[in-house]
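Structure, as structure tokens:
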Amino acid sequence: MPMANKSSLDHSNWSWQTLGGVFGRYVQSETLWWAFGFYIDVGGSENTYLPYVGASWEINEHWSINAMLPWPSILYAPDDNWLFTLGSSP
């Protein structure tokens, strides 16, 4: 996914940024699946290359744990209209 960026700072130029990755998923059961892959963000001031690995476990209809590195999270859905997420990002 290429993007063009231009800063509002004086004397800044246009820069190109490319985001992408390759991902796969293995479904072990109805409540557990595994993911793996590689994510890239190239351009701007620095490049980012991240391996992507982890699992998602649906504990019950309200709670899920996503142990996806580097973006782990806990999800809580009290009903069909609400979803609360607590997680981290590098």
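Taking only the range 32-46 into account, find how many residues are open to solvent by 60 Å² or more (accessible area, probe 1.4 Å) and closer than 17 Å to SER64 by Cβ.
Qualifying residue count for the region: 2.
What pairs can you find where one residue is in the range 46-65 and within 17 Å of LEU86 (Cα to Cα), the other is not in a strand (DSSP E or B), and their Cβ atoms are less than 6 Å apart, with a gap of 6+ or different chains?
GLY54/ALA67; GLY54/MET68; ALA55/ALA67; GLU58/THR31
Got a number for residues in the range 1-30 being modelled with pLDDT of 80 or more and either open to solvent by 60 Å² or more (accessible area, probe 1.4 Å) or acidic (Asp, Glu) (or both)?
Within the range 1-30, residues that are modelled with pLDDT of 80 or more and either open to solvent by 60 Å² or more (accessible area, probe 1.4 Å) or acidic (Asp, Glu) (or both) number 8.
Sort out which residues of the range 68-83 are within 11 Å of the chain's Cα centre (by Cα) and free of Cβ contacts under 8 Å to residues at least 24 places away in the same chain, and write them in order of number.
If the condition is that a residue be within 11 Å of the chain's Cα centre (by Cα) and free of Cβ contacts under 8 Å to residues at least 24 places away in the same chain, then LEU69, PRO70, TRP71, PRO72, SER73 are the ones that fit.
If I filter the range 60-88 down to residues being part of a loop (DSSP other than H, G, I, E, B) and touching a strand residue (DSSP E or B) at 6+ places or on another chain (Cβ under 9 Å), which single residue comes out as surrounded by the most Cβ atoms within 10 Å (Cβ to Cβ)?
So the residue we want is MET68.
Looking only at residues that are touching a strand residue (DSSP E or B) at 6+ places or on another chain (Cβ under 7 Å) and in a loop (DSSP other than H, G, I, E, B) in the range 31-46, which one is modelled with the highest pLDDT?
Out of the qualifying residues, it is THR31.
What pairs can you find where one residue is in the range 10-22 and closer than 17 Å to VAL42 by Cβ, the other is outside any strand (DSSP E or B) and modelled with pLDDT under 75, and their Cβ atoms are less than 8 Å apart, with a gap of 6+ or different chains?
Listed pairs, sorted by first residue: SER15/GLY44; GLN17/GLY44; THR18/MET1; LEU19/MET1; GLY20/MET1.
Provide a single number: the residues in the range 47-59 that are of a type outside the set (A, V, I, L, M), within 16 Å of TRP34 (Cβ to Cβ) and open to solvent by less than 70 Å² (accessible area, probe 1.4 Å).
3
The values are calculated or read from the model by the stated rules, or taken from the named source; none is laboratory data. Just so it is clear, the structure is predicted and the values come from calculations on it, not from any experiment. As a convention, Cβ positions derive from the backbone with ideal geometry for all residues, glycine included, and neighbour counts pool all protein chains shown. Side chains are part of the model used for accessible areas, which takes the heavy atoms of the whole protein and leaves out ligands, DNA and RNA. Shrake-Rupley method; radii C 1.70, N 1.55, O 1.52, S 1.80 Å.
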